[in-house]
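The values are calculated or read from the model by the stated rules, or taken from the named source; none is laboratory data. If you're wondering where the values come from, they're calculated on a predicted model, not measured in any experiment. We place every Cβ from the backbone using ideal geometry, glycine too, and count neighbours over all the protein chains shown.
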Amino acid sequence: MTTVLAPKYRRGDIHLFDAQGEGFVYLASAGAIFALDEGAARVMALLGERNMAYGEMVQALIEADYSRADAEDLIRELRAVRGIVSDEIREAPLAPPAPPEDYPLQALVLNVTNQCNLACTYCYEFGADKIATPAGKPKYMTLETAKTSVDFLLKSSGDREVPHITFFGGETLMNFKLLRDVVLYANEASAAVGKRMTYSLTTNATLLTDEIIQFLSDQAVGVTVSMDGPPDLQDKRRVYKSGKGSYAVMEPRLRKLIAGHKTRAITARVTLTEGVTDVIRIYRHLKDDLGFHEVGFAPVTDSGEQTYTLDSDGMDTVVSAFHELAAEWLAFALRGEMHGFSNVSETISELIQGTNKSHPCGAGLGLVGVSPSGDLSPCHRFTDADTHVLGHVTTGLDKEKRTDFLTRGHVGAKYECSSCWARPLCAGGCHHEAFVRYGDTGHANLHYCDWIREWTDTCLKIYGTVAARNPEFLERFAARKGLS
Amino acid sequence: MKHLKPLNKKALRIEETIASTDEDVIALQQKPMHTPMGCSISFSPGWEVDAGGGTAGLCQPAERDIYDCYVTCFWPVQVPDHVNYSPDWASNCATAAKDWRSLDIIFP
């Protein structure tokens, strides 16, 4: 008794893209990128039309002047990387494995205060869609809580030699005295256990002084400034409680920071909202006029129904400007120069590694947030939200709650992601954004899917072009990202 | 690999993994000679050697026997794996008794 097997082949779980007239494949199950030769691209094109049996593929290649041996080699290679798969093979659905029991911490986000001197209308901590419940909780972190947090990080960081603390708020610099004391304490405490602590902070730049700038530079504290652009755009929503814009106050301080901070790159983080969509003008102002090293953009997080919500027209404007800056980034890369558009740089650095994420970010995994009271949360965006507490710095992480958060947020738990080729980098998107939008941290951010795929495709094409024409640049770039 | 060029670190790791599996395979024609001694639990004739210790003089090719292991035998043996790597090994063999000549040795 014999059984005849006559499987046909189809394209695997892949995304095909072209750059410089060459074909490439991005493997969604791995995050790997391969360049296809003419024959491999031909097979992929044929399989795009219909599924084919082995003999048919060989025959098509022979007709295109391939030897039989070469044709069989080619098919074997495509099959080995799972670029093509037999239609008799059904991949098991992605299932979220149990989160690691004891994942070493890499970073803590210390919310040194939940108070802010500004009242930006779109703020996720204080705005209409806030999830924080700060009533009755401390407004400023005490030194004791901060020291306990540092000890908790050192104890929980396993073999990691260079753990990291990010200072956050509220407005971080409203508690600068604590920040300074924490850095001095953490330097000693980490050295005592053979580690080296590194630091960064996020600020609105309105409270910077010469003394603070000197300290940040001396201690190599990386600085991200929240800023939305030139005066008319910055002052639209980044305002004081009186409604007065913040540009005039921050601008001179910011210039001093960029001139005086010698040890780390200064980056800007722009929030795009209704009417604040002129990405090119914002980029030029921040990069060329003010001198930021890098500028990154992100649409505002909201429930989708606020006056500041970025609607689909606004998003279209943003996307077309992104493409313009992406083309500029590529031109720079081909000349061997660094461009300051972070949205491309971040994606390229992940493509170099072949990142394939189980979770959209390190929240609850290698990173946790600490509220002024010492409560732990998945990240700074969940600070002071009663429903998202994951433990306390004095007692450590609540394993049950952490497991629930991570199981929920695993890409395998998001049904829509299982058929999406962009999942290795996206993994469903921000947990916090999902909660605000859908009421569940484990929900895929479906309102961004098309945009994420389009952007990933754009960055893959840049990657393919640079790999073909200036591959050394990618190596330099990988090294640079590794240091930052 | 000749037709696919790895372009990032993950692709390089995949290429290394594929290359490393090449060395795991011991085929009939390799030195020192690997001499399979037959299959004791089925009525198939099993893998045999001829009077000279080779397979050239057999009345049926070794591949014919392997085909039985490939499709019908429950026992994991060193035959083409029709689930993952060689699903099409027997696609040109519609009727084994007639088409056995089209079964070929696998060269990984």
Determine whether the range A:313-333 contains at least one residue that is farther than 28 Å from residue A:433 by Cβ, in contact (Cβ under 8 Å) with a residue 40 or more places away in the chain and of a type outside the set (S, T, N, Q).
yes
Applying the selection to the range A:392-436, what residues are in contact with a Gly (Cβ under 6 Å, 6 or more places away or on another chain) and over 17 Å from residue A:95 (Cα atoms)?
A:392, A:393, A:397, A:398, A:402, A:431
Can you go through A:369, A:391, A:336 and tell me which one is over 20 Å from the mean Cα position of the chain (by Cα) and in the same structural domain as residue A:286 (by the TED database)?
A:391
Would you call residue A:326 outside any strand (DSSP E or B), surrounded by 14 or more Cβ atoms within 10 Å (Cβ to Cβ) and touching a Ser or Thr at 6+ places or on another chain (Cβ under 6 Å)?
yes
Look at residue A:25 and say whether it is more than 9 Å from chain B (Cβ to nearest Cβ), touching a residue at least 12 places away in the same chain (Cβ under 8 Å) and of a type in the set (Val, Ile, Thr).
no
Determine which single condition residue B:101 fails, assuming it passes every other condition in (1) within 12 Å of chain A (Cβ to nearest Cβ); (2) under 15 Å from the mean Cα position of the chain (by Cα); (3) modelled with pLDDT of 65 or more.
(1)
Go through the range A:431-459 residue by residue and tally those that are in a loop (DSSP other than H, G, I, E, B) and surrounded by fewer than 21 Cβ atoms within 10 Å (Cβ to Cβ).
4
Which of the residues spanning the range A:48-65 are within 17 Å of residue A:38 (Cβ to Cβ) and within 10 Å of chain B (Cβ to nearest Cβ)?
A:57, A:58
So, of the residues in the range B:1-32 that are in contact with a Pro (Cβ under 8 Å, 6 or more places away or on another chain) and at pLDDT 90 or above, which turns out to be nearest to the other protein chains (Cβ to nearest Cβ)?
B:14
Do we have residue A:96 as more than 11 Å from chain B (Cβ to nearest Cβ), closer than 30 Å to residue A:150 by Cβ and either touching a His at 6+ places or on another chain (Cβ under 9 Å) or not β-branched (Val, Ile, Thr) (or both) here?
no
Does the range A:298-308 contain at least one residue that is at pLDDT below 95, acidic (Asp, Glu) and assigned to a helix (DSSP H, G or I)?
no
Filter result (part of a helix (DSSP H, G or I), of a type in the set (Gly, Ala, Ser) and within 14 Å of another protein chain (Cβ to nearest Cβ)) within the range A:329-365
A:349
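Residue-by-condition table, conditions (1) surrounded by 20 or more Cβ atoms within 10 Å (Cβ to Cβ); (2) among the small types (Gly, Ala, Ser); (3) under 18 Å from residue A:419 (Cα atoms):
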residue	(1), (2), (3)
A:27	yes, no, yes
A:36	yes, no, no
A:42	no, no, no
A:50	no, no, no
A:74	yes, no, no
A:83	yes, yes, yes
A:95	no, yes, yes
